[in-house]
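The values are calculated or read from the model by the stated rules, or taken from the named source; none is laboratory data. Nothing here was measured: the structure is a model prediction, and the numbers come from that model. Using ideal geometry, Cβ is built from the backbone for each residue, glycine included, and neighbour counts are taken over all protein chains shown.
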Amino acid sequence: MTTLVLTLVGDDRAGLVAAVADVVDAHGGNWEDSQLAELSGAFAGIVQISVEPASADALRAALSGLDGLLTVTVHSSEKTGSDAAAPRQLTIGVLGNDRPGIVREISSVLRAHDVSIDRMTTGTRDAAMYGGRLFEATVSARVPASVDLAEVKAELERLATEIQVDVTLGG
């Protein structure tokens, strides 16, 4: 099987997921994993599809037919193992007063240690008791076996103090 990763972006409206699912199904593809969201009137998503190698090019071509409804970009995904030992999972929770730069600073620490973000969700909400907005994030990351996990955690805790957010670490 060939694995394809689709990125989808378009103006939000009913039927977008069904349109993509119809094309995938018509080409014998299997919808395996996805993250889909509506943000400020736009629909965005990422979808992992498996398909027989002989059908992959036809599926790519058919997805391009959705232009005008959705912009679909197709990436081939080949899974390779670069570390001999399995990576470790790290879960990071962030909560603090909203301000520009929080994601940049957290992700910079991770990048400096070759830590790969698998999933990240972020959001803001009113902090009625404080008269402002709170920023909240949950990050699931993969730490290579060659990286000192304690060092990554220590640097994230140091950063949390510096930028005045609460960081919880698991994994």
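Taking the numbered list (1) out of contact with any helix residue (DSSP H, G or I) (no Cβ under 8 Å at 6 or more places or on another chain); (2) more than 30 Å from Leu159 (Cβ to Cβ); (3) among the β-branched types (Val, Ile, Thr) in turn, Ile46 passes all entries but (2).
Taking the criterion of being of a type in the set (A, V, I, L, M, F, W, C) and crowded, with 16+ Cβ neighbours inside 10 Å, the residues of region 6-20 that qualify are Leu6, Leu8, Leu16, Val17, Ala19, Val20. In the set (1) of a type outside the set (Gly, Ala, Ser); (2) outside the structural domain of Asp114 (by TED's automatic domain parsing); (3) over 21 Å from the mean Cα position of the chain (by Cα), Asn97 fails one condition alone, (2).
Residue by residue, here is whether (1) modelled with pLDDT under 95; (2) within 21 Å of Asp11 (Cβ to Cβ); (3) surrounded by 13 or more Cβ atoms within 10 Å (Cβ to Cβ); (4) aromatic (Phe, Trp, Tyr) holds:
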position	(1), (2), (3), (4)
Gly29	no, no, yes, no
Ala44	no, yes, yes, no
Gln48	no, no, yes, no
Val51	no, no, yes, no
Ser55	no, no, yes, no
Ala58	no, no, yes, no
Asp67	yes, yes, no, no
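Close contacts from region 131-147, counting a first residue that is outside the structural domain of Ile163 (by TED's automatic domain parsing) and a second that is among the aliphatic types (A, V, I, L, M), with Cβ to Cβ under 7 Å and a gap of 6+ residues or different chains, come to none at all. Could you tell me whether Gln89 is loosely packed, with under 14 Cβ neighbours inside 10 Å, under 16 Å from the mean Cα position of the chain (by Cα) and not in a loop (DSSP other than H, G, I, E, B)? Yes: the conditions hold for Gln89.
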